[in-house]
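Accompanying notes for the structure given below.
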Amino acid sequence: MNKIQKNVLLSPYTTFGIGGTAKYFAEARSVEEVKEFCDWAKKNDSQVFVLGGGSNVLISDKGFEGLVIKLKEPEDFDKFHFYAGPRNTKFVKVWAGSFLSKLIAETVAVGLTGLEWAVGIPGTIGGAVCGNAGAFGLETANSVQTVEALDCDNLTIKQFNNSGCDFCYRSSVFKYSDNLIILSAVFSFKKEDKKDIQKRLIDYAKQRTQSFGAGQKCAGCFFKNVNWKRKDINKNKLLENFPELKQFSDKPKISTGFLIDFVGLKGKKIGDAAVSDEHANFILNTGNAKAEEIMMLSGLIKDKIYSRYGFLLEEEVKLVGF
Ligand SMILES: Cc1cc2nc3c(=O)[nH]c(=O)nc-3n(C[C@H](O)[C@H](O)[C@H](O)COP(=O)(O)OP(=O)(O)OC[C@H]3O[C@@H](n4cnc5c(N)ncnc54)[C@H](O)[C@@H]3O)c2cc1C
């Protein structure tokens, strides 16, 4: 099938600018194409990995030994379907390959509030739903009504309501189900004065640029913040032994950026991989970093945190092909 290319370098498809080749690679602009590629993968006994904007993945230097399906924005496709919900609610159905930034722009332009907090998060709707992207204490799950996904095992389309998505902190049922490809999602918005929404949008955008400069090669926060509710976390003991954690005692999570800074790793470099000076939970590719260098640096961070606090950091970025 000529839509499926062989040996395609993946680094240009990621914001890290890192990653080896995909054995097979195809770009899908419609449900039919996603189905077609999954069918091909099944017949050729090939593993599938679905890629959105590539802004939350670290792909190994060895690449991926299967088919990468990249969801694209179709050029001649009406991507946003608006329809009325109860009271002053509006629903918007969006193709998973559309960029989150476009959904925000389209909705703010017509006076709909709900996703302004996500301004500046790169990536697609599929990626945001899969990882339950969030910022400023808000998350994608707050706005998702339903999700439509293709089950690649049997090529059937499944509907998920919000609770069926099993959303939790930076995760959902889709993050660990390799057979499910999100095709579209319905988001709910509320009507509000356009000027008030725009004001809030600018405010969020300002806060974001203050905490991290644009244009660097990275994948956002490398690790999840540490939830006090994790089963392996003994809050009282940690607060007793480590006074620096007291500032997080009335918050739901400990900031991982703070921990990395506290153990002295801000600015630490291994080859071209570096811990950001601005935001210690961002690992940067400062030149031509290899995935291996990023992994060595993240390993060093995990070791240092573990030896001080006794818990392991969990990756927020999806590791592919390791
Ligand atoms: C500068 C910068 C700032 C960031 N700030 C934030 C932030 O504030 N908050 C935040 O949460 N994240 C942030 N991120 C991380 C990232 O942008 C988000 O997680 C984003 O939602 C990922 O979307 P994506 O399309 O790029 O996903 P990808 O990186 O392409 O994929 C991520 C995961 O989603 C899966 N996936 C993608 N599309 C689909 C689909 N259609 N069906 C099933 N699975 C799918 C992939 O298989 C993979 O497991 C930031 C990243 C950068 C580079």
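Looking only at the stretch 8-31, how many residues end up being at pLDDT 95 or above and charged (D, E, K, R)?
Final tally of qualifying residues: 2.
Can you tell me which of LYS42, LYS90 is more than 11 Å from the ligand (Cβ to nearest atom), assigned to a helix (DSSP H, G or I) and open to solvent by 20 Å² or more (accessible area, probe 1.4 Å)?
Only one candidate passes the filter, namely LYS42.
Identify, please: which residue in the stretch 292-322 is within 16 Å of the ligand (Cβ to nearest atom) and assigned to a helix (DSSP H, G or I) and is, among those, surrounded by the fewest Cβ atoms within 10 Å (Cβ to Cβ)?
SER298
What tally of residues in the stretch 252-277 results from selecting those that are within 16 Å of the ligand (Cβ to nearest atom), over 20 Å from the mean Cα position of the chain (by Cα), closer than 20 Å to PHE16 by Cα and not hydrophobic (A, V, I, L, M, F, W, C)?
1
Sort out which residues of the stretch 211-246 are in a loop (DSSP other than H, G, I, E, B) and acidic (Asp, Glu), and write them in order of number.
Going through the stretch 211-246, the residues in a loop (DSSP other than H, G, I, E, B) turn out to be 212-216, 218-220, 222, 224-225, 228-234, 242.
Passing the criteria: only ASP232.
May I ask you to list the residues in the stretch 165-195 that are open to solvent by 20 Å² or more (accessible area, probe 1.4 Å), away from the ligand (no atom under 14 Å from the Cβ) and touching a strand residue (DSSP E or B) at 6+ places or on another chain (Cβ under 8 Å)?
Residues satisfying the conditions are SER188, LYS190, LYS191, GLU192.
Under 8 Å between Cβ atoms, which residue pairs at least 6 apart in sequence (or on different chains) link something in the stretch 117-141 that is outside the structural domain of SER172 (by TED's automatic domain parsing) and assigned to a loop (DSSP other than H, G, I, E, B) with a partner that is surrounded by 24 or more Cβ atoms within 10 Å (Cβ to Cβ) and modelled with pLDDT under 95?
Between residues of the stretch 117-141 that are outside the structural domain of SER172 (by TED's automatic domain parsing) and assigned to a loop (DSSP other than H, G, I, E, B) and residues that are surrounded by 24 or more Cβ atoms within 10 Å (Cβ to Cβ) and modelled with pLDDT under 95, there is no close pair.
State all residues of the stretch 50-66 that are more than 6 Å from the ligand (Cβ to nearest atom) and either over 22 Å from ILE283 (Cα atoms) or assigned to a strand (DSSP E or B) (or both); if no residue qualifies, say none.
Across the stretch 50-66, the qualifying residues are LEU58, ILE59, PHE64, GLU65, GLY66.
I'd like to know if the stretch 198-212 contains one or more residues that are closer than 24 Å to ILE294 by Cβ and touching a strand residue (DSSP E or B) at 6+ places or on another chain (Cβ under 9 Å).
yes
The values are calculated or read from the model by the stated rules, or taken from the named source; none is laboratory data. Given the structure is predicted, the values throughout are model-derived calculations rather than measurements. Because the Cβ atoms are built from the backbone with ideal geometry, glycine has one as well, and the counts that use them run over all protein chains shown. The accessibility values were calculated without ligands, DNA or RNA, using every heavy atom of the protein model including side chains. Shrake-Rupley method; radii C 1.70, N 1.55, O 1.52, S 1.80 Å.
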